[in-house]
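K.L.:
Here's a structure for you.
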Amino acid sequence: MKFIEEESRLLPVYATPEVLVVGAGPAGIGAAISAARNGAKVMLLERYGFLGGNLTIAMVNPMFTFHDIKGRQVIRGIAGELVDRLIQLKSSHGHVSDLTFDNASMTPFDPEGMKYLLFEMVREAGVELLLHTWAVGVVKEGTKVTSVIIENKSGRQVINPQYVIDCSADADIATMAKAPFVKGRKEDGAMQPVTLFFRIGGIEMNKLRLWMKANRELLKDSPTDEEIDSSEAIAFLGLKELVKKGMENGEFPKEAAPRILFYQLPLEGQIAVNATRLQGIDGTDARDLTRAEIETRMQAWEIHKFLQKYVGGFENSFILDTGVQVGVRETRHITGDYELTEEDVLSNRAFEDGIACGTFAIDIHPPEGEQQVFTGSGKAVYEIPYRSLIPQGLDNVLVAGRAISATHNAFGSARVMATCMGIGQGAGVATALLLKDKLPTRQVDVALLRKKLEEQGQYLLGMTDDTMAVNSKLILHKVDGSGATASHYNPFKDISHG
Ligand SMILES: Cc1cc2nc3c(=O)[nH]c(=O)nc-3n(C[C@H](O)[C@H](O)[C@H](O)COP(=O)(O)OP(=O)(O)OC[C@H]3O[C@@H](n4cnc5c(N)ncnc54)[C@H](O)[C@@H]3O)c2cc1C
């Protein structure tokens, strides 16, 4: 590779917030709102023109998952508030049964309502926003990041914060500050595939429900009439054999996921489709991303045609839109002070410095082979320790969201959006506490941090009252899925579901 030398230049200081949050996905939203509500002067930086990360940019839907298998809401806090307000806006039905992956609940939402509400919530909290801006570099003094270099239409400038919460999903800040990380799977660096979500509009939902009842054997676990009718939002997973044939005869893209998966959205006749797929893409490599954007968009059109041909209700449907960018499931995991493991997830592990809970199954779209693998569907309620947010070698940076220190398998559970927002909330409160005495991140009073989080609505193991109400709307018996289209390994299957 050839190199040229760039001339050095002086950069203007754009802002000096106490806490800079980089990236406005679920983690960044949780972090910015909670740091600001706890008294910090917060700036939230985002490369796109609206907030939400995968919630809106990649159009990932639904949010997983707020309830444990008993139907108790164990993800609350800012994520819980967000859902309550989406319901008021009529942008979500709230938590409904998940017939696809044996989780107790799923939470579909309208992405436009989400965009509106996130601006409202961030503004109410007093967070200063800077959109259309990339974080592209850092300046360090010892173990501290003293400046984050930014680029936007105004040019190249710096922001000088006291603490940075890196919610870029790729641990961009930690990486630029030379903190160690692991990309993908430890043994070979392989990462989960990317998927471009797209929305289809103009579907006749009643026809679709009738088609599902008439063709239930083509769907995972052959849902009953009652299951198909009981949920306000259809969750559709199946057509494995039809898709296989389609791949052979050219009617279905060969590299896409080997099944159809989609979710009904709150607005009439709309669904979000999770069916395109491309392996071998490194989400931190622009050349790979370019290929992924083109190929998955081509796939989306073919998949829509396939649905129109084979599934009832799609006759007059149309592609409403595709995600602003392809959804990247996995890239870097920082090497933190503690690495969350699969065993932690499956053994319901609580930590002295636990700052948020997760309860989603370990969901891995393997980097090779076709079967999506689910382990421990909805059984576990575990905590994410604060130490998993602390990158080695840095004293004023926390990493929140999908890039926390976790193994490829543990990440398969902690990566979902409700959990990421909870992790962000934990990071936000932590920085607000640290600010008082300008302490290094490792010196936060974890007992006080947990107390504050609990007071502010976060559910934490061993602290929050466990006798909470069960959501009676949810169908709670589907915990040992047969795996018609996903393969399930449930280590808890012999244990009573209580
Ligand atoms: C295809 C796919 C399907 C999924 N399915 C589900 C699902 O059904 N339910 C569920 O709950 N979860 C699902 N997930 C997982 C979930 O969407 C992510 O793991 C989660 O969004 C991660 O949250 P985050 O805040 O860490 O990152 P993101 O949501 O990725 O947000 C990161 C933000 O940082 C910004 N950013 C990045 N780098 C920079 C930079 N250098 N400068 C400025 N801004 C920057 C981005 O623009 C973005 O807004 C899925 C993910 C994918 C990709």
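The values are calculated or read from the model by the stated rules, or taken from the named source; none is laboratory data. On a predicted model such as this, the values are computed, not experimentally measured, just so you know. Positions of Cβ are backbone-derived with ideal geometry, glycine not excepted, and every protein chain shown enters the neighbour counts.
K.L.:
Scan the stretch 218-234 and give yes if some residue there is modelled with pLDDT of 95 or more and either over 28 Å from the mean Cα position of the chain (by Cα) or in a helix (DSSP H, G or I) (or both), otherwise no.
P.N.:
From the stretch 218-234, those modelled with pLDDT of 95 or more are 218; that's our starting set.
Within this subset, residues satisfying the condition of being either over 28 Å from the mean Cα position of the chain (by Cα) or in a helix (DSSP H, G or I) (or both) are 218.
Looking for residues that are modelled with pLDDT of 95 or more and either over 28 Å from the mean Cα position of the chain (by Cα) or in a helix (DSSP H, G or I) (or both), one finds at least one in the stretch 218-234, hence yes.
K.L.:
Considering only the stretch 2-60, state which residues are of a type in the set (S, T, N, Q) and within 16 Å of the ligand (Cβ to nearest atom).
P.N.:
So the first thing to find is which residues in the stretch 2-60 are of a type in the set (S, T, N, Q), and the list is 8, 16, 34, 38, 54, 56.
Ser34, Asn54, Thr56 - these are the residues of the stretch 2-60 that are of a type in the set (S, T, N, Q) and within 16 Å of the ligand (Cβ to nearest atom).
K.L.:
Which ones in the stretch 76-106 are of a type in the set (Asp, Glu) and in a loop (DSSP other than H, G, I, E, B)? Lay out the reasoning, then the answer.
P.N.:
Taking the stretch 76-106 first, the residues of a type in the set (Asp, Glu) are 81, 84, 98, 102.
Result: Asp98, Asp102.
K.L.:
I would also like to ask the following. If a residue must be within 15 Å of Ala40 (Cβ to Cβ), among the basic types (Lys, Arg) and exposed (fewer than 13 other Cβ atoms within 10 Å of the Cβ), how many such residues does the stretch 433-465 contain?
P.N.:
Matching residues across the stretch 433-465 total 2.
K.L.:
Please give the number of the condition Thr331 fails out of (1) under 30 Å from Asp395 (Cα atoms); (2) in contact with a Phe, Trp or Tyr (Cβ under 7 Å, 6 or more places away or on another chain); (3) not aliphatic (A, V, I, L, M).
P.N.:
Evaluating Thr331 over (1) under 30 Å from Asp395 (Cα atoms); (2) in contact with a Phe, Trp or Tyr (Cβ under 7 Å, 6 or more places away or on another chain); (3) not aliphatic (A, V, I, L, M) leaves (2) as the failure.
K.L.:
Looking for whichever is surrounded by 18 or more Cβ atoms within 10 Å (Cβ to Cβ), more than 30 Å from Lys178 (Cα to Cα) and more than 13 Å from the ligand (Cβ to nearest atom) here; the options are Leu340, Leu267, Leu346. Which one fits? Spell out the reasoning first.
P.N.:
Working: Leu340 fails: more than 30 Å from Lys178 (Cα to Cα); Leu267 fails: surrounded by 18 or more Cβ atoms within 10 Å (Cβ to Cβ).
Criteria check complete, one pass: Leu346.
K.L.:
Right, something else. For the stretch 40-61, what are the residues that are in contact with a helix residue (DSSP H, G or I) (Cβ under 6 Å, 6 or more places away or on another chain), over 20 Å from Arg199 (Cα atoms) and assigned to a loop (DSSP other than H, G, I, E, B)?
P.N.:
Ala40, the sole residue that qualifies.
K.L.:
Out of Arg297, Arg332, Arg277, which single residue is over 21 Å from Gly246 (Cα atoms) and of a type in the set (Lys, Arg)?
P.N.:
On the way: Arg297 fails: over 21 Å from Gly246 (Cα atoms); Arg277 fails: over 21 Å from Gly246 (Cα atoms).
The match here is Arg332.
K.L.:
A follow-up question, please. If a residue must be more than 9 Å from the ligand (Cβ to nearest atom) and part of a loop (DSSP other than H, G, I, E, B), how many such residues does the stretch 157-176 contain?
P.N.:
4
K.L.:
Let me ask something additional. So for the stretch 398-417 (the condition being surrounded by fewer than 24 Cβ atoms within 10 Å (Cβ to Cβ), farther than 28 Å from His95 by Cα and in the same structural domain as Ile78 (by TED's automatic domain parsing)), does at least one residue qualify?
P.N.:
yes
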